[in-house]
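Working notes, beginning with the structure itself.
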């Protein structure tokens, strides 16, 4: 019986057990190194700060200027989160680019429809790389297309300006 | 003979757990080999980075985009969101395109109210076997089109030149 116990004790740690332990130790070490590297080099966004951002959004084919009002709360149409409050707006002729068969280039023509330029103010989280709305983390950048809805109207277009800080 | 006996050994000889451990170790070793030795894109990660400079041609943008890009802005990859470098120079000219004229000629014509920009960016990258890797594993090369963004603007561009400094 004593021999059996000794045999059992001898079998407690086999070569494969050592391999398993080594693998686990190596994986744990790699994970810790990865975590340390991640903490040492923060994400490209850097530290976040809060602030109010003013940006301009154009809404194309907008023929509902009567429904626009200063103070309108706007919501993004996909996530339905708030993307700001209208501080001012102007209605301008809508322009499109047409091929110019005289020059081979393109010329601007007016369509007879209208574009609304909305100046919008929204609380944001700001990092070195990103300006995102606090309400829904919608990233704001010139050139980004944004669909919004206000009280009684919808619209979509590009962000065309952001106040630089 | 049973494939797995009552002690969990394959053909009564090798423990199933041991086989799994061996397979895991082989897979891990293969992964490390591929990561650091076989695949150029990932093997380049471990090499020291050097200062590099590349130029991006941003074609046919409106004044809004021109206004939102400035020397000193950090440029990020639209793909992996990593920082690529800092804008050191911007040149802006009228947007041009090849177009057909009414008399059947193909000419290089101007696009009214749109602009072509050339943005020079300096950053750090790894040069391996003549290839440029910026922001870890993103390879950049001339004629490559991709999406980019800064804190204030997003745009598509084509790399026109890349070189070590």
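Given a Förster radius of 51 Å and the C-beta distance between residue B:98 and residue B:21 as r, what FRET efficiency does 1/(1 + (r/R0)^6) yield to the nearest 0.05?
Taking R0 as 51 Å, the efficiency between residue B:98 and residue B:21 is 0.20.
Which distance in Å, rounded to a whole number, links the C-alpha centroids of region B:132-165 and region A:127-165?
24
So how tilted is helix B:16-33 from the main axis of chain B? Cα-based, degrees 0 to 90, rounded to 10.
30
Angle check, please: helix A:15-40 long axis (alpha carbons) against the longest principal axis of chain A (alpha carbons), in degrees 0 to 90, nearest 10.
The angle comes out at about 30 degrees.
Working from the alpha-carbon coordinates of region A:13-165, get Rg over Rh, Rh being the Kirkwood radius.
A ratio of 1.30.
Averaged over peptide A:101-113, how many Cβ atoms belonging to another chain are found within 10 Å of each residue's Cβ? Working shown, then result.
On the way: counts 6, 5, 8, 13, 14, 10, 5, 4, 1, 0, 0, 0, 0.
So the per-residue partner count for this stretch is 5.
Rg and Dmax in Å for the protein assembly as shown, alpha carbons only: what are they?
Over the protein assembly as shown's Cα set, Rg and Dmax evaluate to 29.4, 107 Å.
How high is the FRET efficiency between residue B:50 and residue B:146 when r is their beta carbon distance and R₀ equals 25 Å, given to the nearest 0.05?
The computed FRET efficiency comes out at 0.75.
Quick one: Debye curve from the C-alpha atoms of region B:55-155, no solvent, what's log10 I(q)/I(0) at q = 0.17 Å⁻¹?
-0.80
With equal scatterers on the alpha carbons only and no solvent term, can you work out the Debye log10 of I(q)/I(0) for region A:106-147 at 0.35 1/Å?
Cα-only, vacuum Debye calculation for region A:106-147: -1.27.
Counting alpha carbon pairs within less than 8 Å and at least 6 residues apart, what relative contact order, in whole percent, applies to chain B?
26
From other protein chains only, count the Cβ atoms within 10 Å of every residue's Cβ in B:151-163, then give the mean. Kindly include the intermediate steps, with their values, before the conclusion.
Numbers: counts 12, 12, 6, 9, 3, 1, 0, 0, 0, 0, 0, 0, 0.
Per residue, the average neighbour count from other chains is 3.
With each label point set 7 Å from Cα along the Cα-Cβ vector, what nm distance links residue A:110 and residue A:90?
Distance between label points: 1.4 nm.
Counting only other chains, what is the mean number of Cβ atoms within 10 angstrom of the Cβ of each residue in peptide A:138-149?
Taking the mean over all residues of the peptide, I get 4.
Between residue A:22 and residue A:48, what is 0.36 nm times their sequence separation minus the Cα-Cα distance? Round to one decimal in nm. If you can, show how the numbers build up before the last one.
Numbers: separation 26, 0.36 × 26 = 9.36 nm, distance 4.01 nm.
That pair, residue A:22 and residue A:48, stretches by 5.4 nm at full extension.
Could you work out the relative contact order of region B:73-139? I mean the mean sequence separation of Cα pairs under 8 Å and 6+ apart, divided by the number of residues, in percent. Don't skip to the end; give the middle numbers.
Numbers: 110 pairs, mean separation 20.3, N = 67.
This gives 30 percent for region B:73-139.
At a Förster distance of 25 Å, what's the computed FRET efficiency of residue B:28 paired with residue B:81, Cβ-Cβ distance as r, to 0.05?
On the way: r = 29 Å, r/R0 = 1.14.
Computed FRET efficiency for residue B:28 and residue B:81 comes out at 0.30.
Every number here is computed from the coordinates shown, using simple stated rules; none is lab data. What you see is a predicted model; the values in this text were computed from it and never measured. In this analysis, Cβ positions are derived from the backbone assuming ideal geometry, glycine residues included, and neighbour counts consider all displayed protein chains.
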